[in-house]
Amino acid sequence: MKESIEQRLAQAIAELEATEAAVARAESELSGASCTVRSQDRSVEVTVTAQGDLQALKFLDGKYRTMAASQLAVSVLETVQEARAQMARRVMRTFEPFTAASSGVPELTGVDVDWNKIFGPGVLEGPRAEDGRPSARRLRDEISDDTED
């Protein structure tokens, strides 16, 4: 029986070391990752990092020149939110294997991750409605229309 415990301990240590190496690879892969999303109205394109930081913002085809300031702001904000949500889902897929319990060592439960705490509330829902169209109502309610001089 003592040998069985030693074998199980060795197996657990080996699995922990393999998991540690896999987490390091995942972190390395995501450190340079980014996600680029184009707005539904094709007026802007944004790129965010794995941490959700805005890395690039492009105004496409001069379309922004004919848009009201509030309309452009909504387009930018919704697109950034969608890019962050897509990147958050990518991060979750990358780390998902580490949240599952070990099949070889049942005592090693998976890591319990509070994704809302990591990404912030609402990031994973994104601004798109279920039918794929932007749900700008929330953003428009928070943006007051400024009169342009």
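Below, the figures for the structure above:
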| read-out | value |
| --- | --- |
| Taking Glu29, Glu15 and counting other C-beta atoms within 10 Å, the order from fewest to most | Glu29, Glu15 |
| Residues Asp41, Asp61 arranged by fewest to most Cβ contacts within 10 Å | Asp61, Asp41 |
| Ranking of Ser102, Ser75 by count of other Cβ atoms within 10 Å, fewest first | Ser102, Ser75 |
| Dipole axis of the stretch 1-58 (+1 Lys, Arg; -1 Asp, Glu on Cβ), positive-most option in Val48, Ala22, Ile5 | Val48 |
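Quick note: the coordinates plus some simple rules give every number you see, no bench work behind them. Please read these numbers as outputs of a predicted model, since none were measured by experiment. A quick note on method: Cβ atoms are made from the backbone with ideal geometry, for glycine too, and the neighbour counts reach across all protein chains shown.
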